[in-house]
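Note sheet for the following structure.
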Amino acid sequence: MKLYVTPGSPYARMVRIVVLEKGLEKRVEILTAQTRVANSRYYRINPSGRVPYLVREGGVGLEESALIWDYLDGLDGKPTLGMLSGAQAWEVRRLEALARSLLDGVAVWGRELVRPENERSPKVILHETHRSERLTDIWETEIDGPLMQGTLNRMQVTLACALGLEARIPGFRWRAGHPRLSAWFERIAARPSFAATAPPRTIQ
């Protein structure tokens, strides 16, 4: 299988973490896609141009990090990193949505910084700054819950990949006033799969 990523994408990082956590390095070839440029050859592989994108052994492509996550997690018939079901299902979905909101907002912030300075939107950057502040305040109170402290799962990885964007976005300084969240992140960030997929440093 071939997994197309970009080094700075937190969504691609999520899937790269699954590859490592499940020991799939020999089955999944990770390739760097050239995105956001005219006439990239990658667009012939994935017309949307988004990452991550997994081309399965039969040639069928899968897009969207959660879908690829579940597919890779279940390859061995023993999914261990997926979402829980039963009585906890709604709580799981609530927490994943909360983590995804932070990830999506900070990713938008990062994309603004990739633009030439004279094309950036100060309004968008300010909006995402304030959104991240509100959400990290909420996560400081949520992080001690059992689903965020137990076995590694997609909610945890989504949140950690969002917080890890501090390495790329100079203004994303979420640690002050969030000691429990910071301590939790340090534990997750120490896992070999997180260290091996650390994003490139500051965008600007």
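The values are calculated or read from the model by the stated rules, or taken from the named source; none is laboratory data. All values reported here derive from a predicted model rather than from experimental measurement. Please note: Cβ atoms are built from the backbone with ideal geometry, for glycine as well, and neighbour counts cover all protein chains shown.
Please indicate, with yes or no, whether at least one residue in region 108-115 is surrounded by 17 or more Cβ atoms within 10 Å (Cβ to Cβ), acidic (D, E), part of a helix (DSSP H, G or I) and at pLDDT 95 or above.
yes
Residue by residue through region 1-55, note down the ones that are within 18 Å of the chain's Cα centre (by Cα), in a loop (DSSP other than H, G, I, E, B) and of a type outside the set (V, I, T).
Selection gives P7, G8, S9, K22, A33, G49, R50, P52.
Scan region 11-32 for residues that are touching a Leu at 6+ places or on another chain (Cβ under 6 Å) and either within 22 Å of Y43 (Cβ to Cβ) or not assigned by TED's automatic domain parsing to the domain that holds I68 (or both) and jot them down.
Answer for region 11-32, where residues must be touching a Leu at 6+ places or on another chain (Cβ under 6 Å) and either within 22 Å of Y43 (Cβ to Cβ) or not assigned by TED's automatic domain parsing to the domain that holds I68 (or both): V28, I30.
Can you spot a residue in region 176-195 that is surrounded by 17 or more Cβ atoms within 10 Å (Cβ to Cβ), more than 27 Å from E21 (Cα to Cα) and outside the structural domain of V51 (by TED's automatic domain parsing)?
Looking for residues that are surrounded by 17 or more Cβ atoms within 10 Å (Cβ to Cβ), more than 27 Å from E21 (Cα to Cα) and outside the structural domain of V51 (by TED's automatic domain parsing), one finds at least one in region 176-195, hence yes.
Does region 48-63 hold any residues that are surrounded by fewer than 15 Cβ atoms within 10 Å (Cβ to Cβ) and without any contact (Cβ under 8 Å) to a residue 40 or more places away in the chain, and which are they?
Scanning region 48-63 gives S48, G58, G59, V60.
Condition test on G61, is it small (G, A, S), farther than 25 Å from I188 by Cβ, out of contact with any Pro (no Cβ under 6 Å at 6 or more places or on another chain) and modelled with pLDDT of 95 or more?
Spelling it out, G61 is indeed small (G, A, S), farther than 25 Å from I188 by Cβ, out of contact with any Pro (no Cβ under 6 Å at 6 or more places or on another chain) and modelled with pLDDT of 95 or more.
Would you check if E91 is part of a helix (DSSP H, G or I), out of contact with any strand residue (DSSP E or B) (no Cβ under 7 Å at 6 or more places or on another chain) and of a type in the set (D, E)?
yes
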